[in-house]
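So the structure is just underneath, and the comments pick up after that.
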Amino acid sequence: MAAPPHWAITTHKGGTGKSKLIELIAAAAAENGDSVLVVDMDAQANVTRRLRAQIPVEPRDRKDASLAAVLQRPAKGEVERILVKSGWGGIYTDRITIAPAHLDLELLALTASQAASSRRLLTALAGVVDDFDLVVIDTPPNLLSHLIDVAWTASDLLWVPVEPEYDAVEAAKRVVQRVGEDADMLNPDMQVGGFVVNRFRSNLKLHNQRAGEVAEILGPDALCPTRFPELVVLKDGSEHAKPMAELGSDGKAMAALASDAYAWMKQRGAALMGAAA
Ligand SMILES: Nc1ncnc2c1ncn2[C@@H]1O[C@H](COP(=O)(O)OP(=O)(O)OP(=O)(O)O)[C@@H](O)[C@H]1O
Ligand SMILES: [Mg+2]
């Protein structure tokens, strides 16, 4: 089987919903019958917790069973030894696998000057990914950092969650700018897939104006037509580490939105990768 698409969720701003989008995509993938590998490249390990990754019970064992240990100097396919299932149960446990994060991922910056160190995630994933329909990589809220270099080098497509407010739109533009400047050095095949608006309040003129600006960054086709509202159930899912579909009618409505966004990302991603091939 050919390697599946590798998507990084990334932007140069904290709290815009990167990890939330990973939760939503992973659930939507599982609900649509796809098998997904979630790679948590953020030392905060938010996605590892929110997907209830079945990591070792003993805190002292957790580093060795995480990307922090694997990425020190990985053998080809080494990520396999740390893969765990989501503890959400049912189809989610069947179809969501996680490469968990650990706080010590931050120390990987110390390896940045070593030869080809930005290719280490790619090496660690080699071959292992063939069992999945999709690989999604969560990233920390940085732009010029070693963890970002490692995550982007392993990615075909970058997807950028954006709040429709000034600073987040600027952060999205900086992602596009860096891809333009550094893709040759990191990964010449990498592309920006598009933008997903989060925390959208349709009654705010400002939000509509900023969403319009996002559509101008790479053209309207790069803007996901599904926009996620600011809604307490979205926060509840992260807080309580549960899939949206299990959180009442609001949760089911958000799961349906996530499914729409996932379908758009898959379709656009396939078109972009097909065009690049
Ligand atoms: N549309 C939304 N409505 C309500 N809460 C949301 C929404 N999107 C995200 N949140 C919540 O906001 C918080 C921040 O989101 P999240 O952790 O996904 O951001 P992030 O970009 O991954 O942050 P970081 O940069 O720290 O990694 C979380 O508690 C999340 O559940
Ligand atoms: Mg996050």
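Quick look at the numbers
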item	result
3J(HN,Hα) from dihedral phi, region 89-106, Karplus parametrisation 6.51/-1.76/1.60, rounded to Hz, x for glycine, proline	x, x, 4, 5, 5, 4, 10, 10, 10, 10, 9, x, 8, 8, 3, 5, 3, 4
FRET efficiency, 1/(1 + (r/R0)^6) with R0 30 Å, evaluated for V176 and R73 via beta carbons	0.40
Region 6-276: equivalent-ellipsoid semi-axes (sqrt of 5 x gyration tensor eigenvalues, Cα, Å)	27, 23, 16
Among the listed pairs K18/K242; K63/K242; K18/K173; K13/K173; K205/K252; K63/K85, those beyond 21 Å (Cα-Cα)	K63/K242; K205/K252
Trypsin sites (Lys or Arg not before Pro) within region 95-142: DSSP coil, no more than 11 neighbouring Cβ in 10 Å	none
Dipole axis of the chain (+1 Lys, Arg; -1 Asp, Glu on Cβ), positive-most option in M265, V129, I9	I9
Percent of beta bridges antiparallel (DSSP, the chain, rounded to nearest 5)	10
GluC sites (Glu not before Pro) within region 202-264, DSSP loop, no more than 14 other Cβ atoms inside 10 Å	E230
Virtual paramagnetic centre 7 Å along Cα→Cβ of E106, amide N under 11 Å, in region 1-44	43-44
Within the accessible area of region 6-276 (1.4 Å probe), percent carbon and sulfur	49
Per-bin percent of Cα-Cα distances, region 30-144 [10 Å]	14, 48, 31, 6, 0
Computed [θ] at 222 nm, deg cm²/dmol, the chain (DSSP H ≥ 4; -39,500 (n - 2.57); rounded to nearest 500)	-13000 deg cm²/dmol
1.4 Å probe accessible area per residue over the chain, in Å²	43
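The values are calculated or read from the model by the stated rules, or taken from the named source; none is laboratory data. Everything numeric in this text was worked out from a predicted model, so none of it was measured. Quick reminder, even Gly has a Cβ in these numbers, built from the backbone with ideal geometry, and neighbours come from all protein chains shown. Each accessible area value is taken on the protein alone, full model and side chains, heavy atoms only, with ligands, DNA and RNA left out. Shrake-Rupley method; radii C 1.70, N 1.55, O 1.52, S 1.80 Å.
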